[in-house]
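Report on the structure given below.
The values are calculated or read from the model by the stated rules, or taken from the named source; none is laboratory data. Since this is a predicted model, take the numbers as computed values, not measurements. Here the Cβ positions follow ideal geometry from the backbone for every residue, glycine too, while neighbour counts run over all protein chains shown.
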Amino acid sequence: MRRIFLFIILIISQFALYAQNDRIIEDLIEDIAANSEQEVDFSTIYDDLNYYLENPLNLNTATRGQLRRLHFLNDLQIDDILNYRKKYGDFETIYELQLLPNFTDEDIRHLLPFVYVGKAQKSDTLLLKHAIEYGRQQLFLRTKFILQPQKGYNIPDSVLDENPNKAHYLGSPYKLYTRYKFQYRDRIQAGITAEKDAGEQFFRGAQKYGFDFYSAHIQLNNIWKFKRIVIGDYQLQFGEGLVLWTGISFGKSALVLNVKKKPQGIRKYSSTDENRFMRGAGFTIKYHNLEVSSFFSHHKVDGNISLIDTAEGENNVLQITSLQITGYHRTPSEIADKHSVSQTLWGGNITYRGSFYKLGLTAVSYNINADLIRIPKPYQIYQFQGRKNFNAGINYTFYIKKLILFGEAAISKNFGKAIISGIIAPLAPRVSSVILYRNYSQDYQAYFSNAFAEGTRTQNEQGVYWGMEILPYQRFKLSSYFDFYKFPWLRFRVNAPETYGTDYLLQLDYTPTRYISMYLRFKKEIKEQNIATEAFVKYPLNTEKWQLRYHITWNLDNGIILKNRIELTHYYKEHEKNEYGFMAYQDIRYKPSFIPITLYFRYAVFDAPYDARIYAYENDVLYAFSVPGYFYQGYRTYLMLKYDITRRLTLWARYAQTTYTDRDIISKGSLNEIDGNTKSEIKLQLRYKF
């Protein structure tokens with residue numbers, strides 16, 4: 001009867017639970033997008049969470065590594081689960097989570113769709129016939145295009161005959177994407193991904209083989225002594241990211257305790273970043289408490305190249321001025337950069353897990369096929385140049401009573417050094433805190449690093465981060481962080497050494513019922529940036545930006561979810577600017593009970609200068625991600641339909657439109673220029689399961 005009762009409760013609340021977990025994913029993605037100048041692929045998050053939605057994790061057998069794949073759990077919460085199980089034995093019911101000190105009622109509701117409580121089962125023997133018979137397969141087909149004509153397309157031949165060097169896109173304005181995915185439980189994963197960006201050719205010109213980018217992988221888990229084997233494209237995540245960390249990486253966010261990395265080691269790659277991944281093979285062998293990983297990668301990446309005259313006057317010495325990461329191959333110059341650099345990487349990791357600690361050693365060597373010689377700018381003089389580099393680091397984690405101590409120290413070939421160290425601790429009942437110290441010398445060079453940092457590189461930065469989470473009363477949660485940092489050397493747009501910055505956030509969450517949740521967030525950042533003077537001398541002065549956001553979500557009984565947000569920003573640059581921004585939106589999600597469709601709608605208004613821009617997550621088709629920056633003046637709306645045509649076939653159709661009220665040309669001066677004040681986008685996707 002207890003199990004029947006629990007089942008009924010879970011079914012009744014299921015729709016609300018999915019909405020609350022969407023909130024966590026949305027917050028993570030918004031925070032990453034707002035602090036990144038690059039387009040980020042969040043497929044890893046969706047892969048992990050979708051897998052556990054379809055294959056819930058048994059709390060009585062879940063390992064630390066499996067719990068880390070639930071990205072919203074912090075280390076104290078993971079420790080709560082493991083320590084409770086160690087002290088009291090198996091969970092008898094899911095409601096025992098209420099006894100864990102670092103879980104609120106809302107945290108438990110977030111967790112419920114991904115876990116269950118059951119008896120431990122013996123791992124089954126992997127049989128090929130079972131994999132073929134019971135493996136799940138999915139095929140995705142997607143297209144995306146802009147309705148309005150853009151300047152870079154459809155240039156008349158007569159114009160190109162007169163000006164052959166005129167910049168233009170060689171391909172069509174359609175973005176195409178396809179992905180095949182195979183998975184047998186958590187034992188076998190395989191897939192192929194192919195993508196063509198808008199403006200790239202398709203089965204002609206430079207793309208005679210169709211798509212501009214192809215990726216494939218096979219991953220085997222828990223095969224004999226091998227914890228993991230990956231062949232094809234993969235990513236690497238070890239330690240705290242000082243030596244090796246490719247793929248998505250979380251930094252500062254409203255999940256203030258989630259600053260310790262959750263490394264996955266070697267794992268398959270199925271995203272569309274065309275440069276920052278590995279291609280080759282890797283494996284991890286596990287023997288008792290010891291894990292040994294080894295990997296090798298060789299593939300071509302994009303780079304700007306030039307030929308240098310030799311003493312004999314011949315242009316036969318190859319030189320690279322920069323490595324490209326956009327993945328765009330739309331124009332003749334971009335095509336010339338495509339796969340112009342050969343990159344080889346090899347290395348390994350050794351990790352030992354004791355009863356209360358974990359120690360790891362990571363080393364990697366990589367080289368390119370020509371000298372990387374950067375344009376001589378003062379802020380770049382400590383960045384890597386040459387052909388070969390080497391990084392090595394030692395990472396540690398200690399679990400001492402309720403404390404978690406962690407960190408990593410690393411070195412590069414030129415003896416540049418980097419260190420990061422932190423402690424996570426419950427200070428009192430319902431009060432938890434984390435302190436993180438980092439010191440990355442200006443000459444530390446690690447191309448594949450991605451550690452906690454304010455800047456985009458793990459280099460030229462020192463700082464202290466302090467985060468705290470307080471549960472003062474039932475249904476309330478107060479989260480805050482303060483980050484103070486210094487840059488010892490010059491940076492882009494900062495023409496002075498020894499500059500400083502601060503960043504802090506305060507957020508109050510209130511969940512009056514399981515159908516209503518809201519939060520109020522204030523965030524402020526102060527850092528130095530160049531100011532131009534009449535004498536054309538640039539020197540840094542303080543800039544300030546603060547953001548105030550109120551967000552509320554309503555889960556109504558009739559299948560309707562409402563989301564409302566209002567956000568204000570203020571940007572101030574000493575002696576120059578004092579700007580204000582505003583954005584508000586209304587979201588409606590409707591899932592009727594009589595037809596297998598879900599409708600998503602948003603209407604947003606905004607008025608914000610570019611420096612005071614506002615980011616907001618938008619619902620999109622599966623494995624596509626939309627986090628636009630709202631700036632200038634106007635309004636934006638989108639409507640998306642998800643329709644489960646059959647049990648196997650699902651259709652997504654999305655229409656988004658932005659209308660600007662303060663300008664008549666969009667993206668002026670670029671190849672994406674639109675003669676008008678409206679930009680409309682259509683996206684279609686089909687998924688077939690078999």
Quick one: is residue 443 surrounded by fewer than 21 Cβ atoms within 10 Å (Cβ to Cβ) and within 22 Å of residue 366 (Cβ to Cβ)? yes
Can you say whether residue 526 is modelled with pLDDT of 90 or more, surrounded by 15 or more Cβ atoms within 10 Å (Cβ to Cβ) and not charged (D, E, K, R), as far as the supplied structure shows? yes
Residue 62 meets each of (1) in contact with a strand residue (DSSP E or B) (Cβ under 9 Å, 6 or more places away or on another chain); (2) surrounded by fewer than 16 Cβ atoms within 10 Å (Cβ to Cβ) with one exception, condition (2)
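What residue, of 481, 485, 519, is within 24 Å of the chain's Cα centre (by Cα), modelled with pLDDT under 95, crowded, with 19+ Cβ neighbours inside 10 Å and not basic (Lys, Arg)?
Details: 481 fails: modelled with pLDDT under 95; 485 fails: modelled with pLDDT under 95.
519 is the lone residue from the list that is within 24 Å of the chain's Cα centre (by Cα), modelled with pLDDT under 95, crowded, with 19+ Cβ neighbours inside 10 Å and not basic (Lys, Arg).
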When you scan the stretch 198-217, do you find a residue that is touching a Phe, Trp or Tyr at 6+ places or on another chain (Cβ under 7 Å), more than 30 Å from residue 679 (Cα to Cα), touching a residue at least 60 places away in the same chain (Cβ under 8 Å) and of a type outside the set (Asp, Glu), even just one? yes
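Rundown of residues vs (1) acidic (Asp, Glu); (2) touching a residue at least 40 places away in the same chain (Cβ under 8 Å), yes/no style:
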site: 447; (1), (2): no, yes
site: 463; (1), (2): no, no
site: 469; (1), (2): yes, yes
site: 480; (1), (2): no, yes
site: 492; (1), (2): no, yes
site: 495; (1), (2): no, yes
site: 503; (1), (2): yes, yes
site: 509; (1), (2): yes, yes
site: 518; (1), (2): no, no
Taking first residues from the stretch 659-672 that are in a strand (DSSP E or B) and second residues anywhere that are surrounded by fewer than 13 Cβ atoms within 10 Å (Cβ to Cβ), the pairs with Cβ under 7 Å that are 6 or more apart or on different chains are 665/675
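Report yes if some residue within the stretch 393-410 is closer than 25 Å to residue 299 by Cα and among the basic types (Lys, Arg); otherwise report no.
For the stretch 393-410, residues closer than 25 Å to residue 299 by Cα and among the basic types (Lys, Arg): absent.
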Please indicate, with yes or no, whether at least one residue in the stretch 587-597 is surrounded by 17 or more Cβ atoms within 10 Å (Cβ to Cβ) and either among the polar types (S, T, N, Q) or under 25 Å from residue 494 (Cβ atoms) (or both). no
Take the stretch 180-213 and flag every residue that is assigned to a strand (DSSP E or B) and either farther than 25 Å from residue 151 by Cβ or in contact with a helix residue (DSSP H, G or I) (Cβ under 6 Å, 6 or more places away or on another chain) (or both). 180, 181, 182, 183, 184, 188, 189, 190, 191, 192, 193, 194
Please go through the stretch 551-574 and pick out each residue that is farther than 19 Å from residue 505 by Cβ and either among the basic types (Lys, Arg) or not in a strand (DSSP E or B) (or both). 556, 557, 558, 559, 563, 573, 574
Considering every residue within the stretch 377-394, establish whether at least one is at pLDDT 90 or above, small (Gly, Ala, Ser) and touching an Asp or Glu at 6+ places or on another chain (Cβ under 8 Å). yes
Exactly one of 266, 248 is buried (at least 19 other Cβ atoms within 10 Å of the Cβ), under 18 Å from the mean Cα position of the chain (by Cα), not aromatic (Phe, Trp, Tyr) and not in a loop (DSSP other than H, G, I, E, B), and that one is 266
Scanning for something surrounded by 10 or more Cβ atoms within 10 Å (Cβ to Cβ), of a type in the set (Val, Ile, Thr), at negative phi and under 32 Å from the mean Cα position of the chain (by Cα), does the stretch 142-156 turn up at least one residue? yes
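Out of the residues in the stretch 67-95 that are assigned to a helix (DSSP H, G or I) and surrounded by fewer than 17 Cβ atoms within 10 Å (Cβ to Cβ), which is modelled with the lowest pLDDT?
Only one residue fits best here, namely 95.
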Does residue 103 qualify as being over 23 Å from residue 509 (Cα atoms), over 24 Å from the mean Cα position of the chain (by Cα), of a type in the set (Phe, Trp, Tyr) and crowded, with 18+ Cβ neighbours inside 10 Å? no
List, please: which pairs have Cβ atoms under 6 Å, are six or more places apart or on different chains, and start with a residue in the stretch 541-560 that is in contact (Cβ under 8 Å) with a residue 60 or more places away in the chain and under 23 Å from residue 611 (Cβ atoms) and end with one that is in a strand (DSSP E or B) and aromatic (Phe, Trp, Tyr)? 545/571
Within the stretch 608-637, restricting attention to residues that are within 23 Å of the chain's Cα centre (by Cα) and part of a strand (DSSP E or B), which residue is farthest from residue 687 (Cα to Cα)? 614
Run residue 240 past the list (1) charged (D, E, K, R); (2) assigned to a loop (DSSP other than H, G, I, E, B); (3) farther than 21 Å from residue 395 by Cα; (4) modelled with pLDDT of 95 or more and report the number of the one that doesn't hold. (3)
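From the set of residues in the stretch 106-141 that are part of a helix (DSSP H, G or I) and free of Cβ contacts under 8 Å to residues at least 24 places away in the same chain, which is surrounded by the fewest Cβ atoms within 10 Å (Cβ to Cβ)? Quick ask: steps written out before the conclusion?
Keep residues of the stretch 106-141 that are part of a helix (DSSP H, G or I), which gives 106-114, 128-134.
When the remaining residues are screened for being free of Cβ contacts under 8 Å to residues at least 24 places away in the same chain, the result is 108, 128-129, 132-133.
Values: 108: 15, 128: 9, 129: 7, 132: 11, 133: 9.
Looking at the filtered set, the residue picked out is 129.
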Considering 214, 234, 177, which residue is under 21 Å from the mean Cα position of the chain (by Cα), surrounded by fewer than 16 Cβ atoms within 10 Å (Cβ to Cβ) and modelled with pLDDT of 95 or more? 214
